[in-house]
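Take a look at the structure below.
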Amino acid sequence: MDVLHSGIIQTFFLILISATFTDNILLTRFLGMCSCLGVSKKVDTSLGLGLAVIFVTTCTAAINFLVYEFLLIPLGIAYLKLIVFIIVIAAFVQFVEMVIERVSIKLYFSLGIFLPLITVNCAILGTSLFMLNKPYSLLQAFAFGLGSGLGWFLAITIIGGIREKVNEASVPRGLEGPGITLIIIGIMALAFVGFSGMIKI
Amino acid sequence: MLYAIFISVGFLAACGGFLAAVLVVAEKKILNYGPCNLDINAGERELTVDGGSPLLSALAENSIFIPSACGGRGSCAYCKLKVLEGAGFVGPVEEPHLTTEELETGVRLSCQVKIRNDLKIEIPKELFAVKHFRAKLIEKEMLTYDIAGLRIELIEPQTIDFVAGQYIQLESEEYKGREAVMRAYSISSVPSDNRHIELMVRKVPEGICTTWVFDYLQEGKALYFSGPYGEFHLSETDAPIIFIAGGSGMAPIWSIIQKMVEEGIQRNSVYFFGALTQKDLFYADELNKIADSSEWFKFVPALSREPDDSDWQGERGLITDVVKRYFPDTSAHEGYLCGSPGMINACISVLIEGGMPEEKIYYDKFA
């Protein structure tokens with residue numbers, strides 16, 4: 001079935017689901033590992049960072065799609081996409097940080113420390129770059145961004161939960177910390193790879 | 001080809017410039033909290049400041065100087081203040097510096113508290129006396145190979161009131177990409193000469209402020225500092241005194257001893273000065289002269305790395321061992337310590353071992 005040309009709503013959800021599960025950006029491409037390893041010690045911090053990532057990924061995917069289609073392509077400088085995308089992401093994160101600080105101080109203090117981490121989260125840049133590999137429309141790019149963010153959120157929250165449990169058990173000395181975390185992520189990646197092929201886009 | 005380069009460079013520049021402009025405008029518009037009222041010490045002073053800036057700098061703009069060594073980055077924790085109302089949440093930068101008790105009583109790092117609304121704060125009275133000075137370096141003299149003595153003439157205000165033992169915060173200027181910082185130095189001159197201050201600065205390799213002092217601050221140049229700060233001063237008892245200092249820790253002790261000579265305070269005192277070799281000794285002649293001409297004062301320099309075959313006649317060994325040898329029983333004495341944290345901690349335990357009550361030990365740690 002040619003997914004990209006079936007009904008709008010159907011396409012939207014298929015892209016969303018595939019980006020979340022079958023092509024989970026954290027578990028199948030191993031992007032955004034640094035902040036994931038650093039923050040996934042607890043479920044609540046994982047939730048905080050995960051939510052921020054969903055928001056930023058979704059918005060920057062849409063913004064970068066527009067920048068690419070209407071500025072970079074017409075000007076014939078599509079090869080600059082990497083550097084332009086990262087500038088846009090950095091500026092957007094700064095902007096969001098300011099808005100959150102003004103609108104909700106409480107959210108700012110619980111989420112605020114994660115926002116600077118996001119600027120350098122490669123999952124977000126990765127989402128913006130990968131969406132160009134497929135002939136997506138704006139809405140589909142939006143779905144892809146949202147799906148990638150959701151996938152990252154899902155993965156880091158599960159990892160956070162598992163790590164909380166693992167911390168109660170006695171892990172062999174040499175495997176403590178990042179060691180056991182990478183093994184956990186590896187096993188989870190195997191599970192998620194099981195989804196692959198379920199949806200073909 | 002040339003056209004392509006032009007387009008890409010031009011686009012990147014425009015893109016960066018546009019986003020930067022948007023952010024600057026957004027910061028002005030979004031993070032504009034308007035004027036906010038600061039109520040200091042329950043109505044003692046009221047200020048109106050622009051919201052959005054950190055409390056520390058807003059106070060400094062209104063000539064209230066809170067000590068700070070790190071320049072508002074939240075790493076030195078000197079700028080603690082009580083914020084009774086309106087401070088908002090404790091951020092992740094502040095939290096490690098505050099004890100549970102401080103958190104409960106509203107103590108905050110003033111450099112991390114952003115003014116977003118009206119605040120009620122409490123400032124210790126003595127900080128009101130702190131002023132900001134414009135001054136001029138009139139003499140820079142090398143006391144040893146790595147310690148410089150600075151003599152500074154005050155320009156505006158012309159005089160300073162301080163107690164022997166207090167310190168000031170020297171403000172370095174920007175140079176070669178290093179940012180301007182503030183660093184604390186004890187005053188080594190006497191309070192009676194209120195138009196000058198003297199400092200002793202030890203060269204720290206790669207130190208931002210000391211490099212500025214040694215390489216960029218020339219005689220005749222203008223400089224800025226704020227002060228006086230600190231609780232380190234001579235108590236008003238008659239108890240015999242043990243002074244212990246190392247390196248540039250000489251400064252506040254030298255100020256106190258000069259003051260004692262000047263005012264005729266004849267409390268029995270022994271001054272232990274720790275150094276590595278004879279090269280590291282300074283002001284020894286002056287101190288020996290005071291010791292020779294008075295009954296009450298004794299100067300004991302101790303060298304820990306002097307070669308065994310040198311002509312040194314004085315004490316050898318670690319300062320802690322020398323103090324223990326002279327005073328096995330320290331229970332009746334008061335201790336005044338100044339130097340590196342390592343030296344001070346070691347000396348405190350020696351003094352306490354000798355029976356000195358902890359509250360009789362006064363010290364200034366150079367971190």
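The values are calculated or read from the model by the stated rules, or taken from the named source; none is laboratory data. Treat the numbers as computed from the prediction; the structure is a model and nothing was measured. Because the Cβ atoms are built from the backbone with ideal geometry, glycine has one as well, and the counts that use them run over all protein chains shown.
Looking only at the range B:135-157, filter to residues that are of a type in the set (Asp, Glu) and at pLDDT 90 or above; which one of those is farthest from B:ALA245 (Cα to Cα)?
Going through the qualifying residues, I end up with B:GLU153.
Can you pull out the residues in the range B:10-54 that are under 21 Å from A:VAL99 (Cα atoms), part of a strand (DSSP E or B) and acidic (Asp, Glu)?
B:ASP50
Under 19 Å from A:LEU150 (Cβ atoms), modelled with pLDDT of 85 or more and more than 17 Å from the chain's Cα centre (by Cα): which single residue out of A:THR20, A:THR28, A:THR11 fits that description?
Just a single option satisfies the conditions, and that option is A:THR11.
Output the number of the condition that B:GLY86 fails; it satisfies all remaining conditions of (1) surrounded by fewer than 17 Cβ atoms within 10 Å (Cβ to Cβ); (2) within 14 Å of another protein chain (Cβ to nearest Cβ); (3) of a type in the set (Gly, Ala, Ser).
(1)
Taking the range B:295-313 only, how many residues are of a type in the set (Gly, Ala, Ser) and farther than 17 Å from B:PHE243 by Cα?
2
Given the condition hydroxyl-bearing (Ser, Thr, Tyr) and modelled with pLDDT under 90, answer yes or no: does some residue in the range B:264-286 qualify?
No, there is no match, as no residue in the range B:264-286 is hydroxyl-bearing (Ser, Thr, Tyr) and modelled with pLDDT under 90.
Looking for whichever is in contact with a helix residue (DSSP H, G or I) (Cβ under 8 Å, 6 or more places away or on another chain) and farther than 30 Å from A:ILE187 by Cα here; the options are A:VAL99, A:VAL56, A:VAL39. Which one fits?
Sole residue among the options that is in contact with a helix residue (DSSP H, G or I) (Cβ under 8 Å, 6 or more places away or on another chain) and farther than 30 Å from A:ILE187 by Cα: A:VAL99.
Scan the range A:49-66 residue by residue and report those that are touching a Ser or Thr at 6+ places or on another chain (Cβ under 6 Å) and over 17 Å from A:ILE83 (Cα atoms).
Scanning the range A:49-66 gives a single hit, A:GLY50.
Do we find that A:THR119 is surrounded by 15 or more Cβ atoms within 10 Å (Cβ to Cβ) and closer than 21 Å to B:VAL93 by Cα in this structure?
It is true that A:THR119 is surrounded by 15 or more Cβ atoms within 10 Å (Cβ to Cβ) and closer than 21 Å to B:VAL93 by Cα.
Does the range B:1-32 hold any residues that are within 9 Å of another protein chain (Cβ to nearest Cβ) and under 16 Å from A:ILE73 (Cα atoms), and which are they?
The answer is B:ALA4, B:ILE7, B:SER8, B:PHE11, B:LEU12, B:CYS15.
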